[in-house]
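Below: one structure, written as C-alpha cells.
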Amino acid sequence: MSQKSLQGKTALVTGSTSGIGLGVAKALAAEGANIVMNGFGDVDGPKAEIEALGVKVVYHGADMSKPEQIEDMIAQAAKAFGQVDILVNNAGIQHVAPVQDFPAEKWDAIIAINLSSAFHTTRHALPAMQKANWGRIINIASTHGLVASPQKSAYVAAKHGIVGFTKAVALENATSGVTCNAICPGWVLTPLVQKQIDARAAAEKKSVDDAKKELLGEKQPSLEFTTPEELGALAVFLCSPAANNVRGVAWQVDGGWTAQ
Ligand code: NAD
C-alpha cells in the first residue's frame, strides 16, 4: 500500500467542529495526518467523521479568546503526538453592525478570536517546527482580508491583520522548511454564513433561497459557494512539496469576487 502524503504528521485545526475547519481537518486526515480538533458545539459527531478516515484524533476545547488555554492546547497536542507539524488557524466569528453601533465587546472578541489567537498558536507551535526544519502554518483569512464590506469593521480589520501576520511569519522563516500562507475564501455555506442569510431573509421579508441568491449575486461572480472540500484540497496542496516555495500568499478561492 502506498504511503499517504501526510502520514506521521500532526495537524492542529482550530475551530474544527464545524464548517471550513472540519472540511480542512478531514482533507488532512484523508492524507494520513493525525488531528488535534478544537471548537465548540457537538464534538463527538465531527470527531467520529475524522476518525473514520483512519487517523488518531485528540480534542482540546480551548477558547481561542483565552491565551492561556491556547498555550495549554499546544502543550497537550505535543504531549499526545510529539509536536504540531501543521497548524491551521481557522476559528472565527462574525458580527454585523455599522461602526458607530458596533458593540465594543464584539470588536474585542472578533480581534481576539479571528486574529490574536493565530499569534498565540503560532508563537507556541513554531519553535518545534523550526527545530524540525519542516512546518506548515495555514491561516484561514477571507476575501475580507483583501477588500472590505460595510457593517463588518471588526471582521475586516482582523482578516486584513491576519494577512499581514501571515506575510511577516513567512518572511521570518523564509530560508527554512517552515511556510506560512493564508487562504482567502469568498462565500462558503457554513453556519457562520447561514446566520447572515437568515437575518437578511427576515429583514427583507424574502425567502431564504432568494436571500442566498442575492448574497452570491452581489459579490461572487461564479454564483456558486466555495466548499469546505475545495478549501481542504488547497490546504493539502500547501502541505505538499510542490508548495515548498509558496510563502506569504493570500490565496483567493472566491469565485472571482476580488477579481472585479
Ligand atoms: P463556523 O461557524 O461553521 O465554524 C467556526 C468554528 O470556530 C466552529 O468550530 C466554532 O466552534 C469555532 N469557534 C468559534 N469561536 C471559538 C472560540 N472562541 N474558541 C474556539 N473555537 C471557536 O464558521 P466557518 O464559516 O467554517 O468559518 C471558519 C473560518 O473561515 C473563520 O475564520 C471565518 O472567518 C472564515 N471564513 C468563512 C467564510 C464563509 O463564507 N463561511 C468565508 C471566508 C472566511
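The values are calculated or read from the model by the stated rules, or taken from the named source; none is laboratory data. Since this is a predicted model, take the numbers as computed values, not measurements. So basically every Cβ, Gly included, is an ideal-geometry build from the backbone, and we count neighbours across all protein chains shown. These accessible areas exclude ligands, DNA and RNA; they are computed on the full protein's heavy atoms, side chains included. Shrake-Rupley method; radii C 1.70, N 1.55, O 1.52, S 1.80 Å.
Set side by side, the residues Gly177, Gly248, Gly232 differ, and just one is under 30 Å from Trp134 (Cβ atoms), under 16 Å from the mean Cα position of the chain (by Cα) and open to solvent by 10 Å² or more (accessible area, probe 1.4 Å), which is Gly248. Scanning region 121-128 for any residue that is in contact with a Phe, Trp or Tyr (Cβ under 9 Å, 6 or more places away or on another chain), outside any helix (DSSP H, G or I), within 16 Å of the ligand (Cβ to nearest atom) and touching a residue at least 40 places away in the same chain (Cβ under 8 Å) turns up nothing. In region 190-212, the qualifying residues are those that are touching a residue at least 12 places away in the same chain (Cβ under 8 Å) and in contact with a Ser or Thr (Cβ under 8 Å, 6 or more places away or on another chain), and the one that is farthest from Gly256 (Cα to Cα) is Pro191. None of Cys180, Cys239, Cys184 is touching a strand residue (DSSP E or B) at 6+ places or on another chain (Cβ under 9 Å) and within 12 Å of the ligand (Cβ to nearest atom) except Cys184.
Conditions tested, residue by residue: (1) of a type outside the set (A, V, I, L, M, F, W, C); (2) within 11 Å of the ligand (Cβ to nearest atom); (3) farther than 15 Å from Lys9 by Cα.
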site	(1), (2), (3)
Gly45	yes, no, yes
Leu53	no, no, no
Val57	no, no, no
Ser65	yes, yes, yes
Glu71	yes, no, yes
Val96	no, no, yes
Trp107	no, no, yes
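Inclusion of Ala29 among residues that are in contact with a strand residue (DSSP E or B) (Cβ under 9 Å, 6 or more places away or on another chain), away from the ligand (no atom under 14 Å from the Cβ), within 22 Å of Pro127 (Cα to Cα) and not in a loop (DSSP other than H, G, I, E, B) is not warranted. Checking Gln3, Gln94 one by one, the residue that is in the same structural domain as Thr122 (by TED's automatic domain parsing), assigned to a loop (DSSP other than H, G, I, E, B) and surrounded by fewer than 24 Cβ atoms within 10 Å (Cβ to Cβ) is Gln94 and no other.
Tallying residues that are away from the ligand (no atom under 14 Å from the Cβ) and without any contact (Cβ under 8 Å) to a residue 24 or more places away in the chain within region 213-229 yields 3.
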